[in-house]
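*Asks:* The structure that follows is given in the form of structure tokens.
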Amino acid sequence: MNTIKGYVRENGAVGVRNHVLILPLDDLSNSAAIGVSKLIRGTTVIPHPYGRLQFGRDLDLFFHILSGTGANPNVAGAIVIGIEENWANKVADEIAKTGKPVEVFPIEGNGDLRTIEKASRKALEMVQDASEKHRTEVDISSIVMSIKCGESDTTSGLASNPSVGVVVDKMVDQGATVMFGETSELTGAEDIVAEKMANDVLREKFMKIFKDYDNTIEREGADLLGSQPTQGNIKGGLSTIEEKALGNIQKLGHRKVNCVLDYLDPLNKGKEGTLCFVNTSSAAAEAVTLFAAKGSVVHLFTTGQGNIVGNPIIPVIKITANPKTAAQMAEHIDVDVSDLLDLKISLEEAGERVYQYMLRVLNGRLTRAEVLQHDEFSPIKLYISA
Amino acid sequence: MPKGLIHSKNDDVCVATTDVRKGEEVICAYLENPSSYILVKSEEDIPLGHKIALRDIKKGDKVLKYGRAIGEATKDIIKGEHVHVHNIKSLRWGK
């Protein structure tokens with residue numbers, strides 16, 4: 001069993017990064033949050049366009065994503081800035097349940113400048129405190145990770161996705177937790193995913209989520225042809241959604257899926273290995289944002305034609321098997337497994353290459369997306385605002 | 001060295017692992033057993049990642065990859081031709 005060096009948080013969860021988060025509750029608070037981040041070195045700010053006049057399940061999901069992001073084990077402490085105090089408190093209270101420091105600064109009654117000053121003084125303390133947190137040796141079973149592909153092409157299904165599948169098997173066997181999603185991109189292979197479910201209850205829950213998604217598309221009178229596969233997928237040789245989905249599921253590995261989560265379901269990490277389907281959109285930034293909000297601390301992202309997504313709080317490791325992409329977009333690619341296409345290495349060797357690189361990232365090596373400041377934070381929005 | 005790979009034994013298509021030029025003899029190796037292969041003469045230029053027909057496919061026939069139907073031929077396709085959105089379509093969407 002492998003060990004890594006991570007940050008053990010107040011609630012025992014293990015992080016691999018040590019962010020002090022400046023979290024705007026709503027779109028109007030982005031300026032003040034960015035103001036704090038400019039004054040205080042070592043803070044991570046995640047501006048976004050939502051948080052006003054949302055309602056129902058959409059609002060619940062928004063709170064789930066914001067509080068989950070703050071609660072993520074890669075975050076040492078969080079500052080929530082909101083125009084109104086009540087909603088900001090709701091998110092902060094959820095984050096506080098992890099035991100980590102969290103503070104709220106409302107803008108109403110203060111204005112931006114006073115808010116920035118107060119929040120910056122607190123952020124200064126949090127950054128200094130976070131700087132004294134040290135990595136300690138922990139079992140790899142404590143890791144929660146996620147996987148997704150983007151700008152896929154046929155090389156994804158041939159090589160990069162099966163390589164990730166090798167890593168998934170290895171992680172689940174060691175007791176770690178792996179999340180996957182992309183509900184729309186399972187179309188044509190949903191029966192294979194359903195067969196991988198550990199029992200009938202999970203199978204029914206998964207198929208209900210899948211059919212609800214299908215019904216949403218139908219209700220809109222839409223045909224996803226043109227969106228799925230995307231133009232990038234088609235350029236890379238993928239012809240149909242079925243072909244894309246069959247390539248997509250190559251990264252799931254060979255273990256049973258023993259957990260199914262709808263948008264709002266929390267992940268309860270157990271001691272046993274867990275492979276978990278999470279209802280997500282297939283948009284790269286949205287899916288990675290939701291995985292991080294559910295507790296993923298590292299993401300394996302395979303790409304064919306060259307998706308460049310990153311995330312502000314979790315490292316996103318980019319893997320390709322397309323030799324042209326590896327050469328043309330080298331600054332984005334962490335692991336190149338294109339020699340698998342020439343049969344120069346075995347699938348097991350390619351998987352081991354990805355796994356060893358992931359261990360380095362878990363231990364602190366920055367990914368290319370982190371160095372390039374690819375900090376995409378995109379909460380999923382379910383419907384229009386009130 | 002193979003210039004194409006085939007996922008499963010009954011598949012109708014091979015994926016080019018390098019840019020293939022018209023008239024080239026392409027070795028398409030089986031992923032499951034790379035020492036066995038099908039030799040196919042390319043009828044047109046096929047870019048890396050795109051599919052080559054391993055046999056003649058009739059209009060309306062299902063096209064197999066990963067041992068599964070990935071779509072239906074919208075016209076007759078001959079062995080060695082480029083198989084893509086111009087001659088196959090999804091069984092789900094785009095009806």
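The values are calculated or read from the model by the stated rules, or taken from the named source; none is laboratory data. Predicted, not measured: the structure shown is a model, and the values here were computed from it. Please note: Cβ atoms are built from the backbone with ideal geometry, for glycine as well, and neighbour counts cover all protein chains shown. Areas reflect the complete protein model, heavy atoms only, side chains present, ligands, DNA and RNA absent. Shrake-Rupley method; radii C 1.70, N 1.55, O 1.52, S 1.80 Å.
*Asks:* Quick one: would you say residue A:345 is open to solvent by less than 40 Å² (accessible area, probe 1.4 Å), out of contact with any strand residue (DSSP E or B) (no Cβ under 7 Å at 6 or more places or on another chain) and free of Cβ contacts under 8 Å to residues at least 12 places away in the same chain?
*Replies:* Answer is yes for this residue.
*Asks:* Would you mind telling me which numbered condition in (1) of a type in the set (A, V, I, L, M, F, W, C); (2) open to solvent by less than 40 Å² (accessible area, probe 1.4 Å); (3) touching a Gly at 6+ places or on another chain (Cβ under 9 Å) residue B:57 fails?
*Replies:* If we test residue B:57 against (1) of a type in the set (A, V, I, L, M, F, W, C); (2) open to solvent by less than 40 Å² (accessible area, probe 1.4 Å); (3) touching a Gly at 6+ places or on another chain (Cβ under 9 Å), just (3) comes out false.
*Asks:* Continuing with this model, one more query. Would you check which residues across the range B:67-86 are small (Gly, Ala, Ser), in a strand (DSSP E or B) and surrounded by fewer than 22 Cβ atoms within 10 Å (Cβ to Cβ) and list them?
*Replies:* Result: B:69, B:73.
*Asks:* Specify which of the listed residues (A:292, A:285) is of a type in the set (Gly, Ala, Ser), over 30 Å from residue B:12 (Cβ atoms) and either in contact with a strand residue (DSSP E or B) (Cβ under 8 Å, 6 or more places away or on another chain) or in a loop (DSSP other than H, G, I, E, B) (or both).
*Replies:* A:292
*Asks:* Tally the residues that are surrounded by 19 or more Cβ atoms within 10 Å (Cβ to Cβ) and either over 15 Å from residue A:292 (Cβ atoms) or assigned by the TED database to the domain that holds residue A:57 (or both), restricting the search to the range A:271-281.
*Replies:* Residues in the range A:271-281 being surrounded by 19 or more Cβ atoms within 10 Å (Cβ to Cβ) and either over 15 Å from residue A:292 (Cβ atoms) or assigned by the TED database to the domain that holds residue A:57 (or both): 5 in total.
*Asks:* Follow-up question, since we're still on this one. Give me the residue from the range B:49-60 that is within 14 Å of chain A (Cβ to nearest Cβ) and not small (Gly, Ala, Ser) and, out of that set, farthest from residue B:27 (Cα to Cα).
*Replies:* My answer is B:57.
*Asks:* Go through the range A:250-270 and give me each residue that's open to solvent by 20 Å² or more (accessible area, probe 1.4 Å) and within 14 Å of chain B (Cβ to nearest Cβ).
*Replies:* A:250
*Asks:* Would you point out the residue of the range A:37-64, among those that are farther than 18 Å from residue A:85 by Cα and assigned to a helix (DSSP H, G or I), that is most open to solvent (accessible area, probe 1.4 Å)?
*Replies:* That would be A:38.
*Asks:* A further question on this structure: Would you be able to tell me the number of residues in the range A:1-24 that are assigned to a loop (DSSP other than H, G, I, E, B) and either among the hydroxyl-bearing types (Ser, Thr, Tyr) or buried (at least 17 other Cβ atoms within 10 Å of the Cβ) (or both)?
*Replies:* 5
*Asks:* Give, as residue ranges, the helices (runs of 4 or more DSSP H) completely inside the range A:295-386 that count at least 1 residues that are away from chain B (no Cβ under 14 Å).
*Replies:* Of the helices (runs of 4 or more DSSP H) lying wholly inside the range A:295-386, those with at least 1 residues that are away from chain B (no Cβ under 14 Å) span A:347-362, A:368-371.
*Asks:* Now for a different question. All but one of (1) open to solvent by less than 10 Å² (accessible area, probe 1.4 Å); (2) within 14 Å of chain B (Cβ to nearest Cβ) hold for residue A:176; which doesn't?
*Replies:* Looking at each condition in turn, residue A:176 falls short on (2).
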